[in-house]
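The values are calculated or read from the model by the stated rules, or taken from the named source; none is laboratory data. If you're wondering where the values come from, they're calculated on a predicted model, not measured in any experiment. In this analysis, Cβ positions are derived from the backbone assuming ideal geometry, glycine residues included, and neighbour counts consider all displayed protein chains.
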Amino acid sequence: MLKVDNLTKIFGKTRAVDDLSFELEEGDVCGFIGPNGAGKTTTMRIIATLEEPTDGQVRVGGESIHEEPYRIRRRIGFMPDHYGTYPDMTCRDYLEFYARAYEIEPKARARRIDGIMDFTGLGDIADKKVEELSKGMRQRLNLSRALINDPKLMVMDEPAAGLDPRARVELRYLIRNLAEQGKTVFVSSHILTELSEICDHMLIIDQGRKISFGSVEEIQRGLREGFEIRVRLVDPSQVEGLVRFLVQRPGIQDVRPGENGVLLFSLRDEAERIPALLREAVNEGFSVMEFRPETPTMEDVFMRITGQTNGGNNGNGA
Amino acid sequence: MRWRLANGVFDNAMLYKDITQWLRNRTFLALFIGLLALGEAVSAICMSLPGEEGRLGPVAFGFLSATMGLYGFVVIAMGFMGTSREFSNRTFELYEIAGMSLERMVLGKVVSILVQFLFGFFCIVPFMFFAFLLGGLDFGLIGQSALGMVLIFPLIALLSLCIALNVRLKRVSVPARVLLILAALWFIPGVAIRMAMGSYYLAHHGGGAWGGSAFSLFSLGNTDDLVLRIALYVQFCLWLFYLCCNSIAPPQDSREHQVKFLTFSVSATWVALVGCSNWPAMAPAAIVFLFVASCILGAILFPHRLDPPLMVVNRRKRTRWLTVRLFHYAFAPGSMGTLRTLFLFYLLSVVTYLAVTESGPSPQELASSSRPLQAPFFLFLSPVLLMPFGFARKRYKTLRAVTICYWALVGVGLLILYSIAESPGFRRPGSGYDGHVRAWAALGSLMLSPVSSWVVGTVYRPGFESSLGSYRLVSGAIGLIGLLWIARRCRRAERQG
């Protein structure tokens, strides 16, 4: 559905996007992550045909943004990071305006607007003025606008920014529903835990360059070298003994005793070693209450990946 | 085509939005009624003044016209503010992504302003005809004033829209914004009020200083060149319209070729109109236009990206008509397209010059008529100085700024030099600085900057007016060849990255 090949965008001396390539299939939800100024918005604006790339190619549904920008615009729903709403207009007027802009047949307009308002939950406030809406409702209206042309690809730039937890949950639900309808969703966000919950794929960029692209599990698995294990003992006095026991075992590093019988260590080995290690500890007489590998959060992944690139670039190894 | 135009107007999203907002804005209606009441009240007071009894009609008509002018100004100001708000809300790119063409956006804006104007116009015009019943007014004059308002208003609306669209753009620097706002503040109310009062002056004085020239354009009395006048009016409106479109165009989808074509065709029509009316006495008016248009067009659009934007290239590829392909070729966006347009301007200047020489001009007319021929040379002169420096070949903004600064600074410097050479101290016999210093100062002024060339060319009587034409003809051709060379060097630098 979306194919980006060697995309490059240069502003003056700055390479905002640098040789970026990735591909999304129909129905994919892809999270787009990167620190501020990484080139996320520029990439999204190029996909939405609002910017011209310096080099490279973007294809939407097999058609190039260079050759068929107008046709591509009809297939895309773009939600920028600003609302672009008007005073003195009701929600229905607003959507009617964009339906006209998309040249939707007059007879089909009302039906389409009603359908979208039902989907986004704006049906009850159709005649309310835009200026009276809350931020969450405005974001829904913004989403309704982007959906008015029934796009195959949704490009959403920071849709959850500034929303309260409830509105964020609702937005997540809407995005999953869109994917179930077969729409491809390309969404950027700073709220990383949310992205990991709704996305099939993740694309991480920094300084315009692709750092990582794949499924959420692939990225998390690819990041760690072995496992981070958390152990909790019933009797905290056994912690010292467990430390001595662990350091003698091969593949175990960085053993860190904590408070209340908690202990953390790194295991640089295969996953099959984890139950074997637990069995050995129990056989040694340690009263183990909890023994589990810790999964890194998206924040951990993001910080480690972008930290690595910054460290690499700065040469300080941070 | 007709259907598309009708659809573009009647089912235009922008028009729908602006009119919906306008109808919901009660302040506007209150303001209109207030203005109307004020106009009526002032008219009534004036009519009751001693000595005005016999001129009730003209006085009432004048104040109604003023009310209309004020109303027009309010409409334009609101359109201006609404357009500025579109920029602050960053909504233009949402229209773009919705597939709305730039023409549709601007058409919607202009038509919505016109609808608001016509609402007031149709409310006030019946009162104007009522003023006729009071006596002292010519019925034809009222009709002509009403027609004048209807014709002038779209021009002012387009002009204000053009300013609004350019002022809000990020690429316009702060001083330019301040200048444009000051110009708008001075120009729009001035024109709006004069537009209204002009008819009053016409009624009393047979054409005021401003009203006379503006209304003569729409005068139905002179029908010899009416077609040319209408053509000029339509082209000028279209020119402003496409300037508006180009202001909001993304870099990959400019409307530069329409702007260039219309600049050229407005210039050609203006020359033709002047030629038809009072040639060669009016020839300087045509020549000023040609010279200024080609210099500004070249200075702004020659130091520019070299190749046309992708969307424009694709549009050209899809065209089947040869004439449209030629149009795309001759006025293409980018440096090479500008060079072709400048060549057409040069040809037009040659034709104008030959037409002037044919009609037996005075030496001054002969000297001034050759000025536009030299425009390409002036455009070539400053960038060529920067060509040895690699950085300048890729920095079009630098080239543009240097061209304009060079013209201004060198022009002013040469004028100062020429003034000194012309001063009585220098011209005193036996001072050691006789005629040849003055001649050299004049020659430098004529050759090195359009600013000094213009001023010195008007006052200096060198006695070689006939050979000045040949010199300018040759220097113009050298300028065109030089510009081609610059464009090629810049292209090579751009390709080498």
Point to revise | Count - residues of region A:63-91 that are over 24 Å from A:GLN207 (Cα atoms) and within 24 Å of the chain's Cα centre (by Cα) | key: 7
Exercise for review: Hand me the list of helices (runs of 4 or more DSSP H) wholly inside region B:84-174 holding 3 or more residues that are under 20 Å from the mean Cα position of the chain (by Cα).
Suggested key: B:102-133, B:139-167
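On the basis of being under 29 Å from the mean Cα position of the chain (by Cα), away from chain B (no Cβ under 14 Å) and within 21 Å of B:THR20 (Cα to Cα), does A:MET137 make the cut?
Here the answer is no, as A:MET137 does not meet what is asked.
Find the residue count for region B:339-380, including only residues that are more than 17 Å from B:ALA268 (Cα to Cα) and either at pLDDT 85 or above or acidic (Asp, Glu) (or both).
First pass over region B:339-380, keeping only residues more than 17 Å from B:ALA268 (Cα to Cα): B:339, B:357-368, B:374, B:376-380.
Restricting the remaining residues to those that are either at pLDDT 85 or above or acidic (Asp, Glu) (or both) gives B:339, B:358, B:365, B:374, B:376-380.
Final tally of qualifying residues: 9.
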Check your understanding: Which of (1) at pLDDT 80 or above; (2) facing chain B (nearest Cβ under 7 Å) is the odd one out, the single condition A:THR120 does not satisfy?
Key -> (2)
Point to revise | Selection status of B:PHE117, closer than 20 Å to B:THR20 by Cα and of a type outside the set (Asp, Glu) | key: yes
Practice item. For residues that are aromatic (Phe, Trp, Tyr) and either within 29 Å of A:MET1 (Cα to Cα) or touching an Asp or Glu at 6+ places or on another chain (Cβ under 6 Å) (or both), scanning just region A:76-93, find the one that is farthest from the other protein chains (Cβ to nearest Cβ). Key: A:TYR83
Exercise for review: Would you check which residues across region A:17-50 are more than 18 Å from A:ARG209 (Cα to Cα) and within 12 Å of another protein chain (Cβ to nearest Cβ) and list them?
Suggested key: A:ALA48, A:THR49, A:LEU50
Exercise for review: Answer yes if at least one residue in region B:70-83 is more than 14 Å from every other protein chain (Cβ to nearest Cβ), among the small types (Gly, Ala, Ser), over 29 Å from the mean Cα position of the chain (by Cα) and more than 30 Å from A:TYR70 (Cα to Cα), and no otherwise.
Suggested key: no
**Study point:** Filter result for B:PRO280 (at pLDDT 80 or above and in a loop (DSSP other than H, G, I, E, B))
**Key:** no
Check your understanding: Mind checking whether some residue in region A:19-26 is surrounded by fewer than 22 Cβ atoms within 10 Å (Cβ to Cβ), of a type in the set (Gly, Ala, Ser) and assigned to a strand (DSSP E or B)?
Key -> yes
Study note, to complete from the structure: Flagged in region A:100-112 as farther than 18 Å from B:LYS109 by Cβ and surrounded by 23 or more Cβ atoms within 10 Å (Cβ to Cβ), in numbering order, are none
Practice item. Report yes if some residue within region A:90-99 is under 14 Å from A:ALA146 (Cβ atoms), touching a residue at least 60 places away in the same chain (Cβ under 8 Å), of a type in the set (Phe, Trp, Tyr) and crowded, with 19+ Cβ neighbours inside 10 Å; otherwise report no. Key: no
Point to revise | Unmet requirement for A:LYS128, which otherwise passes all of (1) under 21 Å from B:PHE92 (Cβ atoms); (2) away from every other protein chain (no Cβ under 13 Å) | key: (1)
Review point. Is there any pair with a first residue in region B:11-33 that is within 8 Å of chain A (Cβ to nearest Cβ) and a second that is assigned to a helix (DSSP H, G or I) and surrounded by fewer than 19 Cβ atoms within 10 Å (Cβ to Cβ) whose Cβ atoms are under 9 Å apart and which are 6 or more apart or on different chains, and what are they?
Key: B:ASP11/A:PRO106
